[in-house]
2 protein chains.
Amino acid sequence: MAFTLHEAIARDSLLVSREANIQIRLQNHAAVPWLVLVPEHTGAVELIDLPDTERAQLHLLQDRVSRILLNAARAHKLNVAAIGNIVPQLHIHCIGRFTDDPHWPGPVWGHPLQPYPDPELAVNAWRAHLAEAP
Amino acid sequence: MAFTLHEAIARDSLLVSREANIQIRLQNHAAVPWLVLVPEHTGAVELIDLPDTERAQLHLLQDRVSRILLNAARAHKLNVAAIGNIVPQLHIHCIGRFTDDPHWPGPVWGHPLQPYPDPELAVNAWRAHLAEAP
């Protein structure tokens, strides 16, 4: 069955790139650098729903995005999480946190999104980060 | 340097077991089944701070605990997360969520803990789960 992105993920985030059948998306929330990784695996809800090879690829991408968040975005702390209570389609949050970000030290979930003034600029910056750290 | 468990983790959770130098701990919060995995790696804050082999072992254990949460604890949804904004020592939350748990559908973090009436009973139940699903 063809993969269809959940409408809430489509609404709240922007496609940056697609690698190994995983969508790398930027949450449209300017308060923190927040990537969302969505494996294009129809029906997957939990990490353990993925076959081992796909889960391993997801972990590798998660690690790569984590390094970019620390090294390029200069995040003070990472939050890496599979939650999915509201949107069950499997997606991994990789979020760079700052001790002076508006949600610190609480979690980022549950706050209204603050959209980027220029989302395309933000997406292009992430495309450049990914190209620099393959 | 010898590993020392962060005092907040020691205070809020109970040791269930220790495998591959990872502590499997039960958060002392009766509202949801909530395991905390703590690799005994001094100084690790982020997942990417671990050497590849140790991170792979942590992922395997996370998957195993996830399966127990779904199959034995009959959780409706999993929350698997590395947050660490308040307690920087690397620890992974593996939480079984229920659509009628008191925090649903929000995250579990930030609420006062509701300790188990008999923590030893809860720990022993988890030891049995782990023995049954090695």
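The values are calculated or read from the model by the stated rules, or taken from the named source; none is laboratory data. None of the values given here were measured: they were computed from a predicted structure. Heads up, the Cβs are rebuilt from the backbone with ideal geometry, glycines too, and the neighbour counts pull from every protein chain shown. Areas reflect the complete protein model, heavy atoms only, side chains present, ligands, DNA and RNA absent. Shrake-Rupley method; radii C 1.70, N 1.55, O 1.52, S 1.80 Å.
Å³ per residue of the Cα convex hull, for chain B? Write down the numbers at each step before the final one.
Working: hull volume 14.3 nm³, N = 134.
Each residue corresponds to 107 Å³ of Cα convex hull volume.
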Compute the accessible area of each residue in segment A:34-76 twice, once for its chain alone and once with every protein chain present, using a 1.4 Å probe on heavy atoms, and list those whose area falls by at least 40 Å².
-> A:46, A:48, A:59, A:63
Using every Cα-Cα pair within the protein assembly as shown, state what percent have a distance larger than 31 Å.
-> 22 percent
Give the accessible area for residue B:111 in Å² (nearest 10); use a 1.4 Å probe, count only protein heavy atoms, and leave out ligands, DNA and RNA.
-> 80 Å²
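Rolling a 1.4 angstrom probe over the protein heavy atoms, how many square angstrom per residue are accessible across segment A:7-132?
Result: 43 Å² of accessible area for each residue.
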Ordered by residue, what ³J(HN,Hα) values in Hz, to whole numbers, does segment A:9-22 give under the Karplus form 6.51 cos²θ - 1.76 cosθ + 1.60, where θ = phi - 60° and Gly and Pro are x?
-> 5, 4, 6, 8, 9, 10, 6, 9, 6, 9, 9, 6, 6, 10
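Can you tell me the dipole magnitude for chain B around its Cα centre, using point charges on the Cβ only (Lys, Arg +1; Asp, Glu -1), in Debye to the nearest 20? Before the final figure, lay out each step's value.
Working: 10 positive and 14 negative charges, 57 e Å.
Around 280 debye, computed over chain B.
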Lys/Arg +1, Asp/Glu -1 at C-beta; segment B:7-132 dipole; positive extreme among B:9, B:90, B:103 = B:103
Note on segment B:7-132: contact order normalised by length, alpha-carbon pairs under 8 Å, 6 or more apart, percent, works out to 28 percent
Accessible-area loss of at least 20 Å² (1.4 Å probe, chain alone to full protein assembly) applies in segment B:78-104 to B:78, B:79, B:80, B:82, B:83, B:85, B:86, B:104
Quick one: with label points 7 Å out along Cα→Cβ, list the inter-copy distances for residue B:120 in nm, shortest first?
-> 6.7
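Could you please state how large a percent of the accessible area of the protein assembly as shown is carbon and sulfur, counting protein chains only and using a 1.4 Å probe?
Working: 6790 of 12360 Å².
Here it works out to 55 percent.
Taking both sides together, what accessible area is buried at the A/B interface, probe 1.4 Å, expressed in Å² and rounded to the nearest 100? All intermediate terms of the calculation are to be shown ahead of the outcome.
Values: alone 7290 and 7340 Å², together 12360 Å².
Buried: approximately 2300 Å² between B and A.
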Helix B:119-132 vs. chain B, principal-axis angle (Cα, 0 to 90°, nearest 10) | 70 degrees
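Using a simple charge model, +1 on the beta-carbon of Lys and Arg, -1 on the beta-carbon of Asp and Glu, nothing else, what dipole does segment A:38-93 show about its Cα centre, in debye to the nearest 20? Numbers along the way, then the final one.
Details: 5 positive and 6 negative charges, 92 e Å.
Rounded to the nearest 20 debye, it is 440 debye.
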Can you give the calculated 222 nm mean residue ellipticity of chain A, where each DSSP H run of n ≥ 4 adds -39,500 (n - 2.57) and the sum is split over every residue, rounded to the nearest 500 deg cm²/dmol?
-> -9500 deg cm²/dmol
